[in-house]
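Read through the structure below, which is laid out as structure tokens, and then see the notes.
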Amino acid sequence: MSRRTQSNQSRRRQTNRAGNPQRRRKVHTKYKFSTRRMYQRTFIALGAIVLFALVCVGWTIWLGQSKGDEYEKIVLSQQSYVSNTIAYRRGDILDRNGNKLASSKKVYNLVLDPKALTLDSAYFEPTTKALQQTVGMSEGAVRKIIDKKPDSHYYVVKKYKGLSRDVVDAFNELADKDKNIQGVWFEEEYVRQYPYSTVASNVIGFCSSDNVGIWGIENQYNSQLSGKTGKKYGYYDSDLNLVENVKEPENGKKIISTIDVNVQGVLEQHMQKFQTDTGSENMGVIIMNPNNGEIYAMASSPGYDLNDPSDLSKYYSEDKLAGMSDKKKMEELNEIWRNFCISDAYEPGSTFKPITVAASLEEGTTSPSRTYVCDGYQKVGGSKIKCVAFSKGGHGTINICQALMESCNDALMQMGDVLGGKRFLKYVNDFGYGQKTGIDLPGEATGKIFTEDTMRSADLATSSFGQSQTVTMVQMAAAFSSVVNGGYYYTPHVVKEIQNENGATVSEIETQPVHKVVTAETSKLLRGYLYKTVEEGTAKAAQVKGYKVGGKTGTAEKYPRKKKNYLVSFIGFTPVEHPEVVIYVVIDQPHVEDQAHSTYATEFASSVMGDVLPMLGVYKNDSSGGKTKVQLPSTKNGNLPLEVPKGGYSTEDYKKLQ
């Protein structure tokens with residue numbers, strides 16, 4: 001290759017490295033063209049955005065001028081949307097004659113929509129004026145709520161809960177005249193009321209603030225008394241009319257109780273008088289039908305006001321209440337709310353003796369002609385267990401009727417010994433002791449009874465006359481009813497029937513006997529013995545003029561024995577031939593120096609029966625009963641017989657089952 005050729009190639013390579021001027025111009029022209037197109041597109045997009053914005057502004061202005069009122073209403077409807085629950089009505093509780101013991105009254109709670117009532121809103125001034133005029137709520141109070149909850153659409157004003165229908169109607173009348181009264185509505189609520197206040201408080205129970213039953217029937221039948229809440233959905237249409245969709249609530253069912261409010265009221269009046277005149281640590285009374293287990297009246301002392309169940313000021317001074325902790329106050333309230341008739345267990349004393357006699361007659365280990373020699377005590381297991389007649393050398397030779405009439409512990413211990421622990425405990429269980437009766441009330445206790453493994457000879461001896469083992473009042477009333485009604489055991493209960501709100505029966509409480517405990521022959525014998533006990537024995541003070549009354553007294557030595565505190569009682573029935581009413585009275589530690597006298601209970605039972613028997617349709621028969629000329633023992637004249645041996649029942653500090 002020549003030098004010239006090489007030189008030309010070299011120049012071409014250099015020229016290529018430097019770039020061809022024409023090529024460079026070509027590239028530059030293309031670059032300028034792309035930039036120009038990009039600028040054009042940007043200007044077009046910006047123009048479109050500006051144009052769209054102008055159109056939107058123009059559209060908004062047009063809407064505001066042509067349809068402003070309509071769209072203002074739409075905004076209002078969004079702010080005033082309503083969605084709230086509708087309370088159900090809790091079912092009523094009625095007595096056996098249809099009298100309302102518990103009912104629910106409709107009231108109204110004031111609800112505000114603070115967001116709709118902002119201070120610069122056109123609704124604030126007319127709405128606050130209407131609230132001031134009808135409810136009594138000041139403008140300042142409304143301002144405070146708005147300041148506190150400015151973004152809330154739902155605020156219940158606690159101070160204005162429970163308003164009457166008249167107040168609500170007055171406000172709604174103003175709101176109908178002025179469409180600028182907004183952001184306010186009234187929620188329905190039901191408040192539980194108890195027309196008889198304290199009557200049957202331990203049976204009825206009460207409700208919490210959220211409508212849940214506490215104690216008594218209110219608690220036991222809470223699911224039946226409760227209903228289901230409804231729902232209301234609503235909004236304001238373009239004409240400011242409230243359009244609502246409503247799901248109606250389902251109201252609770254109605255409870256028909258076995259209680260007779262008139263009998264209950266009279267009973268409680270007698271109890272209040274006794275507590276005022278004499279007083280006791282505790283007191284309970286049950287009046288029931290022995291033929292089906294229905295409770296006519298049941299009361300513990302003291303009762304409480306069902307309309308204000310947490311008020312302790314009736315029982316304690318202001319100074320004492322001020323010194324109580326919240327925990328202590330709650331403990332005291334629980335004691336007041338407690339139903340002594342079903343929740344407390346105690347040693348019954350001699351009111352248990354008919355059970356031992358009935359069991360012995362059933363098993364053939366005794367008979368009406370059988371006699372026992374009472375020398376005042378029995379020596380059992382190294383202990384001398386005494387009879388009430390210990391100080392005078394015993395009752396001598398007596399039969400089983402006289403053993404009940406004179407309340408002879410010695411004869412009962414002999415009966416128990418022959419009957420034996422195994423058979424004795426069988427009847428204890430058959431009569432319902434040591435287990436819940438199944439009464440339809442919460443808080444039932446079971447008491448404590450021996451088993452074959454735990455019962456010693458001394459335990460059998462003391463249990464035969466009502467010491468050592470513990471029972472509840474409702475157990476005693478149910479067991480005694482089966483002794484005198486022909487031998488049938490019924491479950492005690494306080495409710496007869498459940499109805500829907502229209503009065504149709506939903507369910508009835510079963511009143512068939514659970515089982516047969518003793519024969520009709522044994523029951524008849526016991527009725528005769530117990531009638532003799534009232535006519536001629538230790539229960540004379542229970543006589544009611546014009547009625548044949550049978551029954552048994554009880555004077556139980558409480559544990560610890562050395563304190564010499566007593567629980568006195570009487571359990572009785574009438575008429576004797578065909579019992580219709582059983583009454584059981586327990587007075588725990590009467591406030592007297594000498595407590596060991598069942599006359600306090602028998603005298604009380606007599607006065608109550610005289611008043612309530614006609615109410616229950618049990619009328620006097622002038623040819624029967626209550627005509628004895630024997631001087632009756634009375635707490636008023638001090639003519640009280642000795643009922644407990646001096647020094648207590650035993651030489652040993654025998655224990656009760658804990």
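The values are calculated or read from the model by the stated rules, or taken from the named source; none is laboratory data. Please read all numbers here as calculations on a predicted model, not as lab measurements. Glycine also receives a Cβ, built like all others from the backbone with ideal geometry; neighbour counts cover every protein chain displayed. For accessibility, only protein heavy atoms count, side chains too; no ligands or nucleic acids. Shrake-Rupley method; radii C 1.70, N 1.55, O 1.52, S 1.80 Å.
Every condition in (1) open to solvent by 70 Å² or more (accessible area, probe 1.4 Å); (2) farther than 17 Å from Gly416 by Cβ is met by Lys379 except one, and the failing one is (2). Quick one: count up the residues across region 273-286 that are open to solvent by 10 Å² or more (accessible area, probe 1.4 Å) and either part of a strand (DSSP E or B) or in contact (Cβ under 8 Å) with a residue 12 or more places away in the chain (or both). The total comes to 6. Which of the residues spanning region 186-211 are in contact with an Asp or Glu (Cβ under 8 Å, 6 or more places away or on another chain), open to solvent by 40 Å² or more (accessible area, probe 1.4 Å) and within 24 Å of Lys231 (Cα to Cα)? Correct list: empty. Ala411 fulfils the conditions (1) part of a loop (DSSP other than H, G, I, E, B); (2) open to solvent by less than 10 Å² (accessible area, probe 1.4 Å); (3) not aromatic (Phe, Trp, Tyr) except for a single criterion, (1).
For region 212-225, filtered to residues that are open to solvent by 30 Å² or more (accessible area, probe 1.4 Å) and in contact (Cβ under 8 Å) with a residue 24 or more places away in the chain, the residue that is farthest from Met298 (Cα to Cα) is Gln224. Hey, does region 287-305 have a residue that's out of contact with any Phe, Trp or Tyr (no Cβ under 9 Å at 6 or more places or on another chain), open to solvent by less than 10 Å² (accessible area, probe 1.4 Å), at positive phi and part of a loop (DSSP other than H, G, I, E, B)? Within region 287-305, none of the residues are out of contact with any Phe, Trp or Tyr (no Cβ under 9 Å at 6 or more places or on another chain), open to solvent by less than 10 Å² (accessible area, probe 1.4 Å), at positive phi and part of a loop (DSSP other than H, G, I, E, B). Taking residues in region 340-359 that are modelled with pLDDT of 95 or more, and partners anywhere that are assigned to a helix (DSSP H, G or I) and among the aromatic types (Phe, Trp, Tyr), the pairs with Cβ atoms closer than 6 Å and at least 6 places apart or on different chains are Ala359/Tyr427. Looking only at residues in region 481-512 that are over 27 Å from the mean Cα position of the chain (by Cα) and not hydroxyl-bearing (Ser, Thr, Tyr), the one that is most open to solvent (accessible area, probe 1.4 Å) is Asn485.
The residue list Lys158, Lys144, Lys149, Lys177 contains one member that is surrounded by fewer than 13 Cβ atoms within 10 Å (Cβ to Cβ) and closer than 18 Å to Asn84 by Cβ, which is Lys158. Within region 490-511, being part of a loop (DSSP other than H, G, I, E, B) and touching a residue at least 60 places away in the same chain (Cβ under 8 Å) holds for Tyr490, Thr491, Pro492, Val494, Asn500, Glu501, Gly503, Ile509, Thr511. Among the criteria (1) among the basic types (Lys, Arg); (2) in contact (Cβ under 8 Å) with a residue 40 or more places away in the chain; (3) closer than 18 Å to Ala359 by Cβ, the one Lys558 does not fulfil is (3).
Among what's in region 446-480 and is of a type in the set (Val, Ile, Thr) and in contact with a Pro (Cβ under 6 Å, 6 or more places away or on another chain), pick the residue that is farthest from Tyr490 (Cα to Cα).
Val471
Across region 333-370, the qualifying residues are those that are open to solvent by 30 Å² or more (accessible area, probe 1.4 Å) and assigned to a helix (DSSP H, G or I), and the one among them that is farthest from Ala539 (Cα to Cα) is Asn334. Return yes or no: is Lys562 charged (D, E, K, R), open to solvent by 50 Å² or more (accessible area, probe 1.4 Å) and modelled with pLDDT under 95? Against the criterion (charged (D, E, K, R), open to solvent by 50 Å² or more (accessible area, probe 1.4 Å) and modelled with pLDDT under 95), Lys562 qualifies.
Here region 116-139 is the region considered, the condition is being of a type outside the set (Gly, Ala, Ser) and in contact (Cβ under 8 Å) with a residue 60 or more places away in the chain, and the residue that is least open to solvent (accessible area, probe 1.4 Å) is Leu117. Only one entry of Lys231, Lys149, Lys144, Lys177 meets the criterion of being modelled with pLDDT under 90, of a type in the set (Lys, Arg) and over 36 Å from the mean Cα position of the chain (by Cα), and that entry is Lys149.
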